[in-house]
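Everything below concerns the one structure shown next.
The values are calculated or read from the model by the stated rules, or taken from the named source; none is laboratory data. Just so it is clear, the model here is predicted, and its values are computed rather than measured. Heads up, the Cβs are rebuilt from the backbone with ideal geometry, glycines too, and the neighbour counts pull from every protein chain shown. Surface areas here come from the heavy atoms of the whole protein model, side chains and all, with no ligands, DNA or RNA. Shrake-Rupley method; radii C 1.70, N 1.55, O 1.52, S 1.80 Å.
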Amino acid sequence: MAPVAKGGSGGSALVRVNARGEYIASVTKRTTPGTNGTTTIEAQISLDQIPVPDRRYAADVAYLNYDGDGEAVQIAFGQRAVASSTLRSAVVVKVYPDHVRKFLAGNDTFRPQLFGYLARAKATVPPMGRLCEEPGHVVSLVANILSVGYTAREAVVDLYHYNALALAKLNTGSDLAIEPVLRVDLPTTVLAALVGALNTLSAELPPEILL
């Protein structure tokens, strides 16, 4: 079995749901005092008790759009038409810079494993471009947790989201309400292109906003 990124995307029989129907994940918090008198709270989220997303999308290609304005990075997954090279549909996922940085930091060992695997398999990683023309059917989503994995030619990206109100409750508790958003099935080479492009883009992203 090929390696899977940190965080995983597995489910568990011990599923907790709050009154609003949101799934609950346990969070381990660590407080670090800063040199300027501030305090940073680092949170490690476990997805073991969160079901994988019910909604699925089969992608053939991926694109990365970022305008350098400090706002969301847009990851577009596209599905090609059967009879032509044009896109039949696309799913555009907004991920804000802080969460792109967290994804990369949590998968620093995954990237060399993925690219090493493809190099041994003599597989070609496609170039990562921008989505310049939208197809007729586009869906926009937002996510702040990406869980990735691959085996042979097949890969998966599981997308999750927690909102600002749920995050604020971590000040007094250790549970976080998380919504499974979407599971994207895609070629392993396309996943590698996306991970590599995000890693390159990270140098252009603004500094993290500390709360």
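Quick notes on this one:
- Contact map, the range 169-194: first residue free of Cβ contacts under 8 Å to residues at least 12 places away in the same chain, second residue part of a strand (DSSP E or B) and open to solvent by 40 Å² or more (accessible area, probe 1.4 Å), Cβ cut-off under 8 Å, separation 6 or more or different chains; pairs are Lys169/Asp175.
- Count of the range 191-204 residues, restricted to those that are touching a helix residue (DSSP H, G or I) at 6+ places or on another chain (Cβ under 9 Å) and either open to solvent by less than 20 Å² (accessible area, probe 1.4 Å) or small (Gly, Ala, Ser) (or both), is 7.
- Scanning the range 11-49 for residues that are touching a strand residue (DSSP E or B) at 6+ places or on another chain (Cβ under 8 Å), farther than 17 Å from Ser147 by Cα and either part of a loop (DSSP other than H, G, I, E, B) or at pLDDT below 70 (or both) yields Val15, Arg16, Asn18, Arg20, Glu22, Gly34, Thr39, Thr40, Ile41.
- Unmet requirement for Tyr117, which otherwise passes all of (1) modelled with pLDDT under 95; (2) open to solvent by 40 Å² or more (accessible area, probe 1.4 Å); (3) part of a helix (DSSP H, G or I): (1)
One line per residue, one yes/no per condition, for (1) basic (Lys, Arg); (2) open to solvent by 10 Å² or more (accessible area, probe 1.4 Å):
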{"site": "Thr151", "(1), (2)": "no, yes"}
{"site": "Tyr160", "(1), (2)": "no, no"}
{"site": "Leu167", "(1), (2)": "no, yes"}
{"site": "Leu170", "(1), (2)": "no, yes"}
{"site": "Leu176", "(1), (2)": "no, no"}
{"site": "Arg183", "(1), (2)": "yes, yes"}
{"site": "Thr189", "(1), (2)": "no, yes"}
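- Tabulated pairs, the range 74-98, first farther than 21 Å from Leu146 by Cα and surrounded by 15 or more Cβ atoms within 10 Å (Cβ to Cβ), second among the acidic types (Asp, Glu) and at pLDDT 95 or above, C-beta under 7 angstrom, 6+ apart or interchain: Arg80/Asp60
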